[in-house]
Every structure is written in C-alpha cells, then in structure tokens.
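The structure appears below as structure tokens.
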Amino acid sequence: MSIRIDDIKERALSMMKEFKGQRMGMIGFSIIIFLLAISLLSPWLAPDTDGQWANPGRWEDNPRSAAPNWADYILPGTRAPHDIREDYDELDRTFMTIKYVYENEYDYPPSDITVFVSGTSSESRIRLYIDLIRPDGENILFVDESVSITNGTFSYRFSLRSSAGRDRSYDFGLNAHRDFFPDDLTPPDRESVNIQMVPFAKLNENILLDPESLKGTYTLEVEAVGIDEYDDEGTRVLFRGMKYGLMGTDSNRKNLALGWVHGAKYALIIGGIVSLSSISIALLYGMTSAYYGGWVDEIMQRANEILLGIPIFPILVITMYAIGRSIWILVLIYVILGWRGLAKIIRARGIQIRQDTYVEAAQSLGSSGGRVITRHMIPQLLPYAIAEGALMIPMVVIAEAGLSVLGLADPTVVTWGRMLSEANQYHATISGLWWWILLPGLGLTLLGFGFITTGMALERVVNPKMRQR
Amino acid sequence: MPASLKYFILRSINAVIVLFIVVLIIAFLYSDMADRMAEGRIADEVRAYAGGLPTELTQEQRSQLIREERARLEEIHGLHDPFYEKVFRRTWDTFTFRLGESNSRTYYGASDARVTTIIQHYLPRTILLFTTAAVISILLGIGMGLKAAQVAGTKVDKALSIFGILTASLPMWWVGMLVILIFAFSLGWFPAASYPFPTETGYEYYKGVLIRMAMPLATIVFVSVGGRAWATRNMVTSILQDDYIMAARAKGIPERKVIYGHTLKTAAPPIVTSAILSFLLSIGGAMITEVIFNWPGMGYLLRTAIFAESDMPVIMGIVYITTLLWVVGYLLADMLYGFLDPRVEVGAEKKV
Amino acid sequence: MPKSIVKARNLKKEFIIVQSFIDKIQRKPPLKVRAVDGIDFDIYDKKSMALVGESGCGKTTVGKLIMKLIDTTSGKLEVKGHNITKLDDPRKLKAYRRTAQMIYQDPFSSLDPRFKVFDILEEPLLIHGIGSSMKERRKMIDKALEEVRLTPPEEFIDRYPHMLSGGQRQRIAIARCLILNPDFIVADEPVSMLDVSVRAEVLNLMKDLIDKIDLTYLYITHDISTTRFFTDHIGVMYLGDIVEQGPTGQVLDNPLHPYTQALLTAVPEPEPDRLDRIKEIPIKGEIPSGTNVPGGCRFHTRCPYAKVICKKKVPKNKQPGKQGHLAKCHFAGEIEFKVKVKKLADDGKVAGEEIIKFSKITESEE
C-alpha cells in the first residue's frame, strides 16, 4: 500500500486540530485522559489496595465512616481531621506517665480515640490507667486495669468504641444527664445515644441525645505503674477523624479514594476490552455480511437476529452465579454477545456505502479491493463503530456495578460497583454516608459522560457533513 | 401466505430458538449442581430408610438392602444418565415450568417451597411497579417530547435534550440510592425500605403500598423519562421536515393539528416500539433498583436467593422467567410495530 | 480511416438476479437479465461517441464493461488493440486504469464525503505511485484544477465536496480523471444531475478538452439533444442492443429507426415561437423488462409501424443511406414517419390537430 508516513502524519494532525475545536468533546476527552492517567498510576497512587480490600488489617489505622476532607467546605460545621500520634507530648518519669495533648476546635470531634500501649517491665503484672482530662476540668477514667507481663513485655489496646470505652462514655454522659434531669426514670439507652461524641460533649442537658462539641484542650494520660520503659514503636494514639482523605472512608474504614483509583482502572479494562472486541467483531461480521451479500448475508443476518433476541442480563446472572463471580466472566459474556447490535448497523451502512458511486469511482481509478475497504469503507464505518463502542464502555461498567449490588461482585478486585454494593449492604443510604454513594457513582457518571461526548465529537470530526450543523 | 403471517411465524420461531438457547445454557450450568442436590436428598432418604428397617436383620442383610435402596433412588433421580440426557431433561423441565423446589426453609414468605409458587408470590409486585412506571414514563415522555418538538431550538428544548442525555447514561439504581439519601434520610418524607409490605387491608393497604412505591416509581420515571422525551422529540422533528408536513402547514393547518394529527400518525410506531424495547432493556436495572429500595419483587428475591440463601433453583427460576418475559415482550414489540405501521412489511425482504 | 480505440464485437453481459434463501431452497431457476445483448461498435481516436437510450437500456453497462468494472459474459472487447475481456492480472488491470477513466452521473455520491479536494485528486496519484513528493503532487493537482477551470486552485484545495456546487463537484470528478492522463473517458450522464444552468458549462469544458489534451469520450446519455454538441458518432440503444448507429448529424437529421425518431420527437422545442404546439410522442408504454426481451424485433411491442414480420424475425443491420449509418429495422429507410401535433390556442386549449409526415430519407440540411 502506498500510503506514506507524512500523509498519515498530516492527516492525524489536521484531525487533531479539528477535534480541539469541539468543546464538549475536549471536556469528555480530558476526563478519559484523567481516568486513564490515574489507572496507569494506580500501583503508586493506591498501593496494597487491590487484593487487600476485604482485609480489615489493611485499614486498621483509618477512621470509620469519615467524610471526605472537603466536606467542611460544602457542609456546615468543622470536622476533626485524622490525627495519628506516633510520639507522646510529655513523659513524666516519676510516675511513668505519658501525655497526649489534643486541641479540639471542631464542631464534630474525633470519632474515636484508639490507644496502643506497649512496654517492658520486670514485674509479672502492672497497673494501667488511661484517662481523658477535658477542658472543663472533668476527668474520664477509661482504663483502670491490671495487665499481665509475658517475657518481660506487654502490649495493650484501648478504643472508645470498645465495650469498656462505650461503658465509660455512657456512664459519663448519664451522670451529666442525671444532673439536669434528676427525675428521669427512663434515660435514653446506650443504643440510641451518639456515644462516641459524649467524651467530647458539653455538659448540658443535651449531652445524651444531641451532644454538642466542647472545644478546648484535652489531655489524654496513660499511666503504667510498674513499667520499666515504654516501647516507642508500639505506643501510639489515634485521634480518628470525622474526615479523611479525598473521598472519606466507608464503615469498614476502607479508604474510598484508594478503591476509587482501582475502580477507574477496572472500569477502563473491562470497558476497553469489551468495546474494542465488539468494534472489531462487529466490523468484521458486518463488513463480511455486506461485502459478500447473497446467501452468506442472509445466513449471517438470521444468526444475528437470534443473537439479538438473547437477553444479556439473565445470562450474566446465571453464568456468574454458576461458574464464578469474576469480572472476566462478565467480560467474556459481553465479548460473545456485545457486538451483535453494532454489526447490524455496520452491515446496513456497509451496504449503503457499497452502493455509493465513489466506491466504484475508486475502483475505476485503480484502487485494489483492500484499498477501497481501508480508505473508503472503514473510515466511513469507523466513526459509527467507535461512537457505539464508546457508549458500550459505560454500559458494561454499569452492568458490572449492578451485578455487584445483586451479590455477584468479584471478590478479587475493587470496582466502583463493588464499592456501591458494599454501600448498599452496609446501609450507607439510611446512615447518611453520602460520599460512599456519591463518589463511586460519580465515577460511573464521569466515565459515561466522557465516552459519550468524546464519541459524539469524534463522529463529527471524521464525518465532515455533520460538522456543518 | 400473507406477508404479515409469514413474518409472525418467522419471529415466533426466532423467539423459541432464543428461549431454547437460554434454557439450554441454564440446564447446562445447572446439571452439576442438580446432581449434588439430588445426592444430598438421596442420602437423607436412605438414612430414613435404614432407620425404619426391622432390627432382627443381620448386618449383611441390612447393608444389602440399603445398597439396593440407594441404587433404586439414584435410578429414579437419573444420576447415572449420560450428561446430555440430564441436560435435555432439565431443559424440558424448565420449558414446562417444572422448576423444582427452593433450598430455603423460609420459602421467602411464600406458601410452599416450589419455585413456581415463590415466583408467583413476588412477580406481581415487580409487574405492578414496572408497568406503572412504564406507563407513566411513556405517557409523560411522549408528551414532553411533543412539547419540545413544538418549541424546537429554544432553551427549554435544549435543556430537555441535555437532561435526556444525562439521565439516560446514569445507572437507575444509583439514582435510587441518591433518592433514598435525600428523601428518606435527609428529608424523612418516605420510608427508606419498602419491606415489609403493609399487612392491613382495604384503604390502609393501598395507602401503604403507594407510600412504599413512591420513591422507586419516581426513580424509574425520572431516569427513563428524559431519554424517552428526547427520542420522541427527535423523531417528531425529523418528520416535521418531511414534504407532506410542509404541505399541511402551507395549507394553513394549525401547528397543533400538524403535530398531533399528521406527525404523530407517522411517528407513533417507532416511538411506541422503541419505548417498549428500551423498557425491556432496563429490566436488569429495574431489578437492581428493587434491591436498593427493598421492594419485594423479583430483583429483591434474586438478591436474597444469591446473597442469603445461595438458592440455585430459585435463581434458575428467576432467570428463566425473566428471559421468558423478555422474549415475549420483544416479540410483542415487534408485532406491534408491524401492526401500527401498515407500510412496513418487516422481514419480508425486498427482492432486487 | 482513423485508428480504432474501442472495438466491440457481439458484446454480451448477463446479470443473474440474486435469489433469496427461500427461493434457493425451493429451487426456483435463477432469472437472467440480458443487459447488453450482443452489440457491435467502434470508437475511433479523437472521434467521441454518444450512446443514447432510455434508462435501463444497458448503456451504462456498456460503459462499465469498457471500464472493466464488471466482467463481460461473452463477445470481444478491445481497447487500443488489447483484449480487455481477459484482463485478470491485477497489475495489468491497474495499468489499464491509466488509459481509460470514467465520469459518473451523480457528483454528490461519486466523491468520498470525507476527502478534501486535495485528497480526492491525490488519491489516483497515490494509487499509481505518481509524483515522488507532496510538492510534486501538489503541482499536478493545481494543474488539473486549472484545466477544469477551478481557479485559483488554493481556493478549492481544502474544501470538502459538500462545500462545492454540483457543477464544481463534477469538474473535480473530471479533474480526477484527467490527472492520470487517460486517452479515453467514459462519461456516464455527466450533466443529468446538474442544474440546467451549469450543464452547458460542463459540456463546454468536456468539449474543449478533446482538442486540448487529445481525449476521446464515450458519452452516455438519455438526452439525445446534447449529443450533437461534441460527438462524432452516435449509437441508439434499446433493451440491450444498438438499434441504430452512425455519424451524429446523419442519425439526428435522418433517423432510420422508429425508436430514434421517437427519441427525437421527445426533445422539447428549442424555438420559443413554436411553444404553441404539443408533439405527441408516437411510442407508448414502458420499456419491457430485461428479463423478458420480446422475440423478433425487440422494439415491436411499442412500435407504431410494426408488421407481422417484426414479431417473427430478428432484424439485421441495414444501411439504406449513407456509409456507416446503420439501423436494425426491417423497414429502415422505407417508413414514412408521422407525428401528431396538437395546436394550442392562446388560452391553452387544444385548437386543432395536425399530422406532420416526413418522407423517407432526405438530405440533411447542412
């Protein structure tokens, strides 16, 4: 074939120039580039996420159900950030007391305090105290416990969300409540109280039902009587935030931003495979059918009509349930069935183009069959194929997401669908965890918008007749 | 043979072939699991049989009898039949609605364990929600589309187009989640879950159903109406360019009459058929929307069967019934098109 | 005697109608259309020939046979002494494409809508590997555009076909042919889809090119009135056969075949003062289907002068008049043609009838 490199270069350049003129298309295309970029960078942007999604240990240090960091800008109130203290602020060697100072200036105080204490001791048992000194002078003693030493070391974990933590918090709140309502015989029970907020709440009549953040300086004191030395590695405190990262966390502490990155990756992978395969199979099938005509066409069209009658959703449900919950099975089913509608369009257009005189004119100029197909037929059909193929990507990704919600999520990968399925499973809607629902769904929407507008713009560029409109 | 009859027969044959292919796939995937389930049942029965044997028998006699009983049961269940025979038997059973019994002890609230009974219990609610939504969306969408065609080119028209493109690309069930978040969580106007269904009778029952239906219904309509309106608008505006419409206008026939009389006559067949087809296509999305709202229909049943019960027979039954509904709906939409548009002899190929 | 460029002897082309799957199962015999049914003609160097007939008479098929776009069923077809019926080698075929080119009827569909004018004209150069650099090719393209009077070239080179008028497009199509320097061009109804106002321009251009670059045309048309303009010979086709042929002036002034006469009658009067008359076209009905060619003289079903022999015997070429003026009619040169003319009054109503007769062959009034 006698197409020269500089021709191709020139043609590509001029097409690019024209594409840049399409505003919506450029926006859509930028979205795709963005998604592609974060997919390619996913091993660095979001390490240890893919296989670790269901592993709670991977997410241990994160806050539970924290809003995204930018929530403060769009919603009323300020939220405590996530604050991990590897080092104590003060050490009193006489009583072996360590102190952590926490400045609470937020309308929504930390969702939890988790304390890890470890150290060495020559005794067989030590006595451990953990208490929180509030700005109003109140003191909540959370831990007063004897801890046994094995091999000269110990490690201890305490959390406000542990049963002991909840007990102490509730008792504290209940005492305050009683001060205001001495005659209340049925105070709110523990389940109906926003308990993690109580230690940080103002001492007023609403402390149990509608606690209000008490701002000021809090001091967390850990005292281990009988200890020789604290272990710096194992001793740390987490003031878990009410906001975290770019996208917040889910109720299992998973960092949604990390999941989102991999969601974008898998969306592009499954969508890309399906749309590329559909475009190629449809072009091959439709062109063969249109080119040969006659009984070949007849048989191919009859077969395609039968395929078109097969509903894809039940097939997906049954195969994924019976064979395995894998995105690859979903991809396989779509590769087998996805091209059928497109092939029909391609064939119809192909027959039309074959009848156009310019195809014959090209033959009379001396073009070979291959040249006619590559220079005249495929360029004419490709925009349709690409536009349709682009629409297919969001379709497949949404199908995957829907199947995840039905309980057919692939447990080995993180997809937007799986994130949404978990949001549904853990009742994110009725708990008001909007970011958990909004952001993965926004991924689906962005993907759809990006590919639809790009497809439309591309069609205009390759098909100059449409540009006049 | 008249062309329409020939077409009808061709399409029906197609539908049967499609159904057969899907059922064959189901049977193929089912066969193995069905065998294992049958083995479990045989083991139970043999145990019961062994317990009921007279005690004076010797050990040898006992095991002989048990072996014979087991062989007899295995013969009945056809465990040793060749694979293809099992597949074809299962295919035939599915075709004739012998869908077996559920593994679940709860029967999902239905009166017995037969899959057909359970589906009969859930299907009406899906149909109620789905057809109500379809009727509202089609009527509203066509109405909006006609209005937009009348004011084509204005801001209202453009806004509708954008709304149509945007909503058409959204997953319906995700919009459902947002709807719950807004209207149930933030505003508290509606119950977040449709389940359990009201137990009252009479007026209270219908009121309860309506309240539960409001959000899922609104979601389905919201997501589908824009696309429907947009498609209608496009079809009508393209017909408005046709010469005979121009002629009608030139004659001084009022614009309203041009649109509702002349244009709609031509536009109706493709509008109606495409509406039905797109609703059929959204079956999957609608079933997932049921899950989001806990609307106790087929989608909810499917998720429960997958998630909580791992109940193969019920899943198979739902898949078969869904396929059947789809194939019949597809056939009807096709027929309707031929019926509404006398010009089209669909399928009867032109000979050149 | 000038050199013959195209020589057709007993040229035949049959089309087999594609059957549906069901017909094939039922073993219905395939239907054949005899589009070109054994015709003989010669086209001489620089002597353009016109091929005239109603649509469906097979004239376009002849053009495509010469262009080798379709294969001949039987007969002989020589172009510049080479038998092109056996031109199966793709390389030889490609070389042949540089000798003969074709202009199509519909300039709206004969240009790829996604190609700019430059790409359209560059395509043949790329196919045949002409011009070693873009610059060189650009020069050739400019020259071709100037030849078809689309100047200045830079104004047209970046346009898409949809940005051009019908006449401009047809000139692009002509330029696309010229750029390969062919000796022979098949022009298939090149002006029938154009506005009446630009037809003359395009025909003028085509005529000028004959002398300017030594072209020979096969001009295919249904409009017999345009043939006198630049063709030297004419062939009148009916149902796959050439029923009359000869020097253009001869045939137009002294038609020998009733069909030619009918075609001439159908031509509208050019003189405005004769608009008060309506000529009644002597032949009735539609051209019969190519699957069912009437026996005997193929025109007898529509011929107003048909006799018994016309139904039974296939007429041979007769030459009752001048050398080279042939007609396939049993009564060629013997018929007295009659044309019924209705006279119109000023209010447009028929005022009276008149029958004009012309006697046999008259000398042309040159």
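Exactly one of these conditions fails for B:ILE136: (1) among the hydrophobic types (A, V, I, L, M, F, W, C); (2) assigned to a helix (DSSP H, G or I); (3) surrounded by fewer than 21 Cβ atoms within 10 Å (Cβ to Cβ); (4) more than 24 Å from the chain's Cα centre (by Cα). Give me its number.
Among (1) among the hydrophobic types (A, V, I, L, M, F, W, C); (2) assigned to a helix (DSSP H, G or I); (3) surrounded by fewer than 21 Cβ atoms within 10 Å (Cβ to Cβ); (4) more than 24 Å from the chain's Cα centre (by Cα), the lone unmet condition for B:ILE136 is (4).
Within the stretch B:107-133, track down each residue that is touching an Asp or Glu at 6+ places or on another chain (Cβ under 8 Å) and not in a helix (DSSP H, G or I).
B:ALA113, B:ARG114
So which of C:ALA35, C:ALA100, C:ALA95, C:ALA50 is within 14 Å of chain A (Cβ to nearest Cβ), surrounded by 16 or more Cβ atoms within 10 Å (Cβ to Cβ) and of a type in the set (Gly, Ala, Ser)?
Criteria check complete, one pass: C:ALA100.
Just checking: which of the helices (runs of 4 or more DSSP H) contained wholly in the stretch A:403-469 hold 3 or more residues that are more than 7 Å from chain B (Cβ to nearest Cβ), at pLDDT below 90 and surrounded by fewer than 22 Cβ atoms within 10 Å (Cβ to Cβ)?
It comes to A:434-462, A:464-467.
Please specify each residue of the stretch B:94-110 satisfying the condition of being within 15 Å of B:ILE315 (Cα to Cα), of a type outside the set (S, T, N, Q) and in contact (Cβ under 8 Å) with a residue 24 or more places away in the chain.
B:LEU99, B:GLY100, B:GLU101, B:TYR108
Go through (1) within 14 Å of another protein chain (Cβ to nearest Cβ); (2) surrounded by fewer than 17 Cβ atoms within 10 Å (Cβ to Cβ); (3) farther than 16 Å from C:PRO107 by Cβ; (4) touching a residue at least 40 places away in the same chain (Cβ under 8 Å) and name the single condition C:SER225 misses.
(1)
So which residues in the stretch A:287-322 are more than 14 Å from chain B (Cβ to nearest Cβ) and either out of contact with any Lys or Arg (no Cβ under 7 Å at 6 or more places or on another chain) or modelled with pLDDT of 90 or more (or both)?
A:MET287, A:THR288, A:TYR291, A:TYR292, A:VAL296
With within 19 Å of C:GLN168 (Cβ to Cβ), surrounded by fewer than 18 Cβ atoms within 10 Å (Cβ to Cβ) and within 13 Å of chain A (Cβ to nearest Cβ) as the only criterion, which of C:PRO107, C:PRO124, C:PRO113, C:PRO90 stands out?
Step by step, each of C:PRO107, C:PRO124, C:PRO113, C:PRO90 is checked, and only C:PRO113 is within 19 Å of C:GLN168 (Cβ to Cβ), surrounded by fewer than 18 Cβ atoms within 10 Å (Cβ to Cβ) and within 13 Å of chain A (Cβ to nearest Cβ).
Among the residues of the stretch A:206-225, which ones are surrounded by fewer than 17 Cβ atoms within 10 Å (Cβ to Cβ) and either of a type in the set (Gly, Ala, Ser) or under 35 Å from the mean Cα position of the chain (by Cα) (or both)?
Result: A:LEU209, A:ASP210, A:GLU212, A:LYS215, A:GLY216.
Exactly one of these conditions fails for B:THR55: (1) among the hydroxyl-bearing types (Ser, Thr, Tyr); (2) closer than 18 Å to A:PRO314 by Cβ; (3) not in a helix (DSSP H, G or I). Give me its number.
(2)
Quick one: would you say B:LEU99 is surrounded by 15 or more Cβ atoms within 10 Å (Cβ to Cβ), part of a helix (DSSP H, G or I) and not β-branched (Val, Ile, Thr)?
no
I'm trying to understand the selection: among the residues of the stretch B:45-84, which are under 41 Å from the mean Cα position of the chain (by Cα) and surrounded by fewer than 12 Cβ atoms within 10 Å (Cβ to Cβ)?
If the condition is that a residue be under 41 Å from the mean Cα position of the chain (by Cα) and surrounded by fewer than 12 Cβ atoms within 10 Å (Cβ to Cβ), then B:GLU75, B:ILE76, B:HIS80, B:PRO82, B:PHE83, B:TYR84 are the ones that fit.
With within 12 Å of chain A (Cβ to nearest Cβ), surrounded by fewer than 22 Cβ atoms within 10 Å (Cβ to Cβ), out of contact with any strand residue (DSSP E or B) (no Cβ under 8 Å at 6 or more places or on another chain) and modelled with pLDDT of 85 or more as the only criterion, which of C:ASP119, C:ASP142 stands out?
None of the other options fit; the residue is C:ASP119.
Look through the stretch C:161-200, keep the residues that are acidic (Asp, Glu) and touching a residue at least 40 places away in the same chain (Cβ under 8 Å), and return whichever of them is surrounded by the fewest Cβ atoms within 10 Å (Cβ to Cβ).
Filtering first and then ranking leaves C:ASP183.
Collect the residues in the stretch B:21-33 that are surrounded by 14 or more Cβ atoms within 10 Å (Cβ to Cβ) and either within 11 Å of chain A (Cβ to nearest Cβ) or charged (D, E, K, R) (or both), keeping them in residue-number order.
Of everything in the stretch B:21-33, those that are surrounded by 14 or more Cβ atoms within 10 Å (Cβ to Cβ) and either within 11 Å of chain A (Cβ to nearest Cβ) or charged (D, E, K, R) (or both) turn out to be B:ILE21, B:VAL22, B:VAL23, B:ILE25, B:ILE26, B:ALA27, B:PHE28, B:LEU29, B:TYR30, B:SER31, B:MET33.
Being out of contact with any strand residue (DSSP E or B) (no Cβ under 7 Å at 6 or more places or on another chain), in contact (Cβ under 8 Å) with a residue 60 or more places away in the chain and among the aliphatic types (A, V, I, L, M) is the filter here; which residues of the stretch C:90-114 pass it?
C:LEU111
Could you please find all residues in the stretch B:170-192 being among the small types (Gly, Ala, Ser) and either facing chain A (nearest Cβ under 8 Å) or assigned to a helix (DSSP H, G or I) (or both)?
Across the stretch B:170-192, the qualifying residues are B:GLY176, B:ALA184, B:SER186, B:ALA192.
Would a scan of the stretch B:153-169 turn up a residue that is of a type in the set (A, V, I, L, M), assigned to a loop (DSSP other than H, G, I, E, B) and either within 23 Å of B:SER274 (Cβ to Cβ) or facing another protein chain (nearest Cβ under 9 Å) (or both)?
There is no residue in the stretch B:153-169 that is of a type in the set (A, V, I, L, M), assigned to a loop (DSSP other than H, G, I, E, B) and either within 23 Å of B:SER274 (Cβ to Cβ) or facing another protein chain (nearest Cβ under 9 Å) (or both).
Write out, first by first residue and then by second, each pair whose Cβ atoms fall under 6 Å of each other, whose residues are 6+ apart or on separate chains, and whose first residue, in the stretch A:420-449, is assigned by TED's automatic domain parsing to the domain that holds A:VAL397 while the second is among the polar types (S, T, N, Q).
A:SER421/A:SER404; A:TYR426/A:SER251; A:LEU433/A:SER65; A:GLY448/B:SER169
Which ones in the stretch C:193-216 are outside any helix (DSSP H, G or I) and either closer than 13 Å to C:GLN168 by Cα or of a type in the set (S, T, N, Q) (or both)?
Hits for the stretch C:193-216 are C:MET193, C:LEU194, C:ASP195, C:THR216.
Would the stretch A:349-371 turn up any residue that is away from chain C (no Cβ under 14 Å), in a helix (DSSP H, G or I), at negative phi and in contact with an Asp or Glu (Cβ under 9 Å, 6 or more places away or on another chain)?
Within the stretch A:349-371 (the criterion being away from chain C (no Cβ under 14 Å), in a helix (DSSP H, G or I), at negative phi and in contact with an Asp or Glu (Cβ under 9 Å, 6 or more places away or on another chain)), the answer is no, since none of the residues qualifies.
The values are calculated or read from the model by the stated rules, or taken from the named source; none is laboratory data. Not measured: the values here are computed from a predicted model. Cβ: placed from backbone, ideal geometry, glycine included. Neighbour counts: every protein chain shown.
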